[in-house]
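Contents: one structure, followed by commentary.
The values are calculated or read from the model by the stated rules, or taken from the named source; none is laboratory data. Computed from a predicted model, the values in this text were never measured in an experiment. Here the Cβ positions follow ideal geometry from the backbone for every residue, glycine too, while neighbour counts run over all protein chains shown.
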């Protein structure tokens, strides 16, 4: 898996002159220390640029905005810290003038009952309401800490900061996203239809490539091509390939090399692939292992050209910084109303399995022949926390909509083929009713994490999507 990306956040330290401004000085020092301890680079005014490095006047707001603009390409989000009441206008002005369009977290430091005299009373409890009121007037979206007031050095704020960092990654990673759509959707799957125009309105571009071009490039590639040889070695290191014909492995390697080159040349971050049945009939393998490897490397790849499905995978991956998979809500599990079987053929990333090996695609082997379906990654999904998400473009309403939620993959026994696992989700029947009543797809993105609230906050508050947060 890829290394976690270091983040950069701006800090606005609120201050109001007739409150103890020594609190602004120590508050700035404290929040900067906390962010740096979290391995976050900080962009903040220094004491030489404003009183205590805080923002109180319009002049100081202008200086803060200019500083933020100078680092705009690096900035992932902004933390507004209120060590005292703060000047709500200066905070809002600094954000408006910076034109950053990044997530904002508002934090207020609590008072101490033994320090409520004029020299130490903060009133940030009240000041936070005023700051938020002005941000709303200015049309600036913002997020809140779980507690109304929270100390920057507290475990509670560490959790807030981790949550907010995930929100920032999701927002930045979806805006200006480039998705590769390889091949047309399977004819039988109207389910995965989507609107490129609605995605484009959120800054998401879809780059297409016809399968004929892929097959042509593979046909012109020699068996000794360095890219194909390197990819073959990578495949054999990635998954057990016992009993898989060498000719099939070489075809997979060439397919992987062509896809890698296409994505690199066109600056694509994620992909959705037509996995059946043209590749099996015209190349003689399934693309599952190649796609599994991409997803395991945080380059999410979805089957059946499910572009909105891979978008869900990507959002969860951005939030957790771990691989995502696309699964079918596939079967009931006995008579337990809160359990189900999630399955795919499969291209699940190796990260999802207890143990994994390469095999053939059992479902379509009867149609195109077993020898043309080698390349699946099969095994049982391991147990652990599960976050799930689904996005869909609703052309009728002109909106992007979706749902998020949490559950867990269980250790329940399961004798089947492909990549499959049992999930337990509180209130599952309620969720299934919601999916069916609102016409959502049977595909769902899943991730070993607890980041559903992160994805919900990012997509609703900052992207403006119509989302449902599932709860029992």
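The condition (being surrounded by 14 or more Cβ atoms within 10 Å (Cβ to Cβ), part of a strand (DSSP E or B) and at negative phi) is satisfied by just one residue among 106, 102, 32: 106. None of 72, 10, 27 is at pLDDT 95 or above, within 21 Å of residue 141 (Cα to Cα) and not in a loop (DSSP other than H, G, I, E, B) except 10.
Of the residues making up the range 261-306, those that are free of Cβ contacts under 8 Å to residues at least 60 places away in the same chain and either more than 27 Å from residue 199 (Cα to Cα) or in a helix (DSSP H, G or I) (or both) are 261, 264, 265, 291, 293, 294, 295.
Can you find, within the range 35-44, the residue that is surrounded by the fewest Cβ atoms within 10 Å (Cβ to Cβ) among those that are in contact with a strand residue (DSSP E or B) (Cβ under 7 Å, 6 or more places away or on another chain) and touching a residue at least 24 places away in the same chain (Cβ under 8 Å)? Selected residue: 41. Going through (1) within 29 Å of the chain's Cα centre (by Cα); (2) outside any helix (DSSP H, G or I) one by one, residue 258 falls short only on (2). Looking at residue 131, is it crowded, with 20+ Cβ neighbours inside 10 Å and farther than 28 Å from residue 320 by Cα? Yes, satisfied.
Can you find a residue that is in a loop (DSSP other than H, G, I, E, B) and over 30 Å from residue 267 (Cα atoms) anywhere in the range 154-173? Scanning the range 154-173 turns up at least one residue that is in a loop (DSSP other than H, G, I, E, B) and over 30 Å from residue 267 (Cα atoms). Apart from one condition, residue 155 fits all of (1) in contact with a helix residue (DSSP H, G or I) (Cβ under 9 Å, 6 or more places away or on another chain); (2) assigned by TED's automatic domain parsing to the domain that holds residue 35; the exception is (1).
The strands (runs of 3 or more DSSP E) located wholly in the range 407-472 that include 3 or more residues which are over 20 Å from residue 307 (Cα atoms) occupy 419-424.
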